[in-house]
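Participant: Sending over a structure as structure tokens; questions will come in a sec.
Any read-out appearing in this document is the output of simple, stated calculations on the displayed coordinates, not a laboratory observation. Please read all numbers here as calculations on a predicted model, not as lab measurements.
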Amino acid sequence: MLGILLVWHLLSAVIWVGGMFFAYMALRPVVAEVLEPPQRIALWVGVFARFFPWVWLCVLLLLVTGHGMLFVSFGGFESLNGSLLSMMVIGWLMVVVFAVVVFGPFKHMKKALAEQNFPQGAVHLANIRRLIAFNLILGLLQVVIGEGGKYVF
């Protein structure tokens, strides 16, 4: 059972964190160089509309598998050590930040695109960029804690 939980947990983390890394470090700079603001807004709305359902699935799997491993392998909340507690807190913070992105600036950016209000769309895109940068840092920290926690912490 632990193996199944761990595999789904890791796949979900790779998809979410890897997607953020690709979008922020590779796609974003090229889009900024190549496209004009109206096309940028349209592209990002399309990209996020396709990526965010995958993130929701990953969030669900991460929460289920993470809590499942906590109870299957570690004996529940009583056995939380520093690295497990850190991962749980950071994970929930990442979920909250993602929800803020989806229900805040992304929702408003879609509306701005529909109204062809590109300056307002750019404001919301900038907010999304900052929140995703923050979540990416948290996600990379999660990887370090998850893979190196038993050796470092």
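Participant: Taking just the alpha-carbon atoms of region 20-80, what radius of gyration and Dmax come out, in angstrom?
Facilitator: 18.2, 54
Participant: Hey, what do the phi angles of region 50-58 turn into as Karplus ³J(HN,Hα) couplings, whole Hz, using 6.51/-1.76/1.60 and θ = phi - 60°, x for Gly and Pro?
Facilitator: 8, 7, 4, x, 5, 5, 4, 4, 5
Participant: Output the direction-averaged projected area (hull surface divided by four) of the convex hull of the alpha-carbon atoms of the chain, in nm². Write out the running numbers ahead of the final one.
Facilitator: Values: hull surface 36.5 nm².
Spelled out: convex hull of the Cα atoms, projected over all directions, averaged, 9.1 nm².
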